[in-house]
Structure formats: C-alpha cells, structure tokens
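Below: one structure in structure tokens.
The values are calculated or read from the model by the stated rules, or taken from the named source; none is laboratory data. In this text, all values refer to a predicted model and were calculated from it rather than measured experimentally. Counting neighbours? That spans all protein chains shown, and the Cβs are built from the backbone with ideal geometry, glycine included.
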Amino acid sequence: MARNNSTVNLAPKMLRSIEEMRAFEAVRPLGLVPTMGYLHEGHLSLVRRAREECAAVVLSIFVNPMQFGPQEDLERYPRDEGRDLALAREAGVDAVFAPEAREMYPAGFTTEVRVRGIEDVLEGAARPGHFAGVATVLAKLLNIVGPDRMYMGQKDAQQAVVTRRMISDLDFPARLVVCPTVREPDGLAMSSRNVYLGPEERAAAAVLYRALTTARRSGNRSPEILEEVVRETVLTEPLVELEYVSASDAGSLGPVTADTREVLLSLAARAGKTRLIDNVVIG
Ligand code: AMP
C-alpha cells in the first residue's frame, strides 16, 4: 500500500468544483487531509501519514467562512496557493480540492451540522458557532471526497473530538486518524496564524508549551492544580495573555472524574492581536 517515496512526484490534479472532485477516480484506500491552506510542517505531517497508510491522498484547501465569527480574521487569514501547491506536490499529494466559497455555499444554502454539547465548551464557548461551521464543512467534504480515512491534528483537539462524534453519529464510512502536534524547536505549535506574530511576540509565545509541559511534569492530575501551574507560568510572560486554560476529560471534554483515563489540558491565549491555541494530553 505504501508508495515509493524516492520517485519525482507529479503535480497534483487541481480540482475546483464539486463535480470535478466527484469524478476524480482514486485508488483505494483514499486519504483526505482537510486544511485551510498556508501549509506548514503540521499539515505535511498529516499528508505523510496519509501517504503511508493510503493508496491515494486528497488535500483540501478551503478557508471556510462558516467557521469564522464576525469579528475574526477571515479576510486576513494567510493565503498562498502557489506555495501550497508546490508543497503538496513535494509531499506526494494526488489531488488538491480547492473550491471557492460560492461552490461550497451557493445561494440558498441553509443546513448546519451541530454536535451538541461538545461544541459548546472550550473553543466552542470562546467562539460561538465555530464548530457548527467546522462540522458542516467536514460533513460536506466527506460527502464530496468520499475518503476511507481522514487525517487531522491533535493541535485542534476539540475539533478532532467533535469530528469523531459526527462521523459516528452520521455513519460516515470513514475513519478518523488523529496525528501528533508538530512544533517549532522552542515548542510553539506550528500554525498558519504564527505568521501574524511580530518577532517579540513570536519569542514570547513559546511560554504556552512551556506552561503546558511544566504542568504535565508536575505529575499532578488535579484539574485545579494543572490549570494553576499553567496560569502562573503564562503570567511570567507579559506579552502573552491567557484567555482560558482548562483540564478536561480528553474523551468527553467534560469534567475530569474518577473514570477519566486521559486529561486534556488545553488553552487559548493572545500575543498581541494573534490568538493561539495549544494542548497536551496527560495519561
Ligand atoms: P488548518 O489549516 O489550521 O485548519 O489545519 C488543518 C489540519 O492540520 C487540522 O486537522 C489541524 O489540526 C492540523 N494541524 C494544524 N497545525 C498542526 C500542527 N502543528 N501539528 C499537527 N497538525 C496540525
């Protein structure tokens, strides 16, 4: 199943319409890596994993307006399709699905997929409507691309939990594969939004992963103590403001209980105008 990595890769097929995507005849198993583009090593790690496990890989690039709030960065979200295509080719992607917003949301579009409960906590509480946008676009992508496996990053832990629930509840015949967070050498989680950071903010942002690992290393599993260690560590960095930190059950995203197997310690913070998220799982 795994393909030879040493050959020169052909340019991926560029598919702009749903019709073209549906007509693409892929060998199976087919892997889908959904992204909003401006690719970095985090995205490429998902492509590599998909290449190892699948016979063909589709990368989608779509800055999904439905998952952005009115005050968020939809307009200025970084985009560079030429660079993305070169990276996709290098990584051995077979097809890139990059529709326009009006292709995905034509006039009259009104359906919304809600994953009740888990969409309302953590990021969902901070960004009302965000996960309805995420779940809706992923349901559409699953229907349009028809993959056997879909690859997502642990960086967006809640997105993975919401997606797993939706795949199960709506009987999509695809398996979700969640891949580890890829980090910069100083620990900052790779993100397309990191380009917004000025040099001082960029250096300061490393405090987030330092805070999460300090809490993990404390050996404590009490949610209050884990959260307090993160708060105190982030406070040492004046350029970074913590929005929330939360220790929750990694499976349900509810409170940590005696039955909790893994604790998800997750946070959101701002460095200047840039909003960053990160998490670690404590087993
Ligand atoms: P995005 O383009 O930010 O919507 O991300 C597309 C996919 O890449 C999502 O499944 C993310 O979780 C994943 N991803 C983003 N950043 C990273 C990272 N640093 N490490 C691993 N996966 C990531």
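Working only within the stretch 80-109, note down all residues that are loosely packed, with under 14 Cβ neighbours inside 10 Å and outside any helix (DSSP H, G or I).
Glu100, Pro106, Ala107, Gly108, Phe109
Residues are listed down the side, and each one gets a yes or a no for (1) closer than 27 Å to Glu119 by Cβ; (2) crowded, with 17+ Cβ neighbours inside 10 Å; (3) in contact (Cβ under 8 Å) with a residue 12 or more places away in the chain; (4) not assigned by TED's automatic domain parsing to the domain that holds Val115:
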site	(1), (2), (3), (4)
Val229	no, yes, yes, yes
Thr236	no, no, yes, yes
Leu239	no, no, yes, yes
Tyr244	yes, no, yes, yes
Ala247	yes, yes, yes, yes
Leu253	yes, yes, yes, yes
Glu262	yes, no, yes, yes
Leu265	yes, yes, yes, yes
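A further question follows. Please work out if Phe24 is touching a residue at least 40 places away in the same chain (Cβ under 8 Å), within 16 Å of the ligand (Cβ to nearest atom) and closer than 23 Å to Ile167 by Cβ. Explain how you work it out, then say what you get.
Values: touching a residue at least 40 places away in the same chain (Cβ under 8 Å): yes; within 16 Å of the ligand (Cβ to nearest atom): no; closer than 23 Å to Ile167 by Cβ: yes.
For Phe24, the condition - touching a residue at least 40 places away in the same chain (Cβ under 8 Å), within 16 Å of the ligand (Cβ to nearest atom) and closer than 23 Å to Ile167 by Cβ - is not met.
Also, quick follow-up: Of everything in the stretch 228-247, what is within 23 Å of the chain's Cα centre (by Cα) and within 22 Å of Glu262 (Cα to Cα)? Give them in sequence order.
Scanning the stretch 228-247 gives Val230, Tyr244, Val245, Ser246, Ala247.
If you go through the stretch 216-251 one residue at a time, how many are over 27 Å from Arg164 (Cα atoms) and not β-branched (Val, Ile, Thr)?
Summing the residues that are over 27 Å from Arg164 (Cα atoms) and not β-branched (Val, Ile, Thr) in the stretch 216-251 gives 14.
Within the stretch 171-216, restricting attention to residues that are β-branched (Val, Ile, Thr) and crowded, with 17+ Cβ neighbours inside 10 Å, which residue is farthest from the ligand (Cβ to nearest atom)?
Checking each candidate, the answer is Val207.
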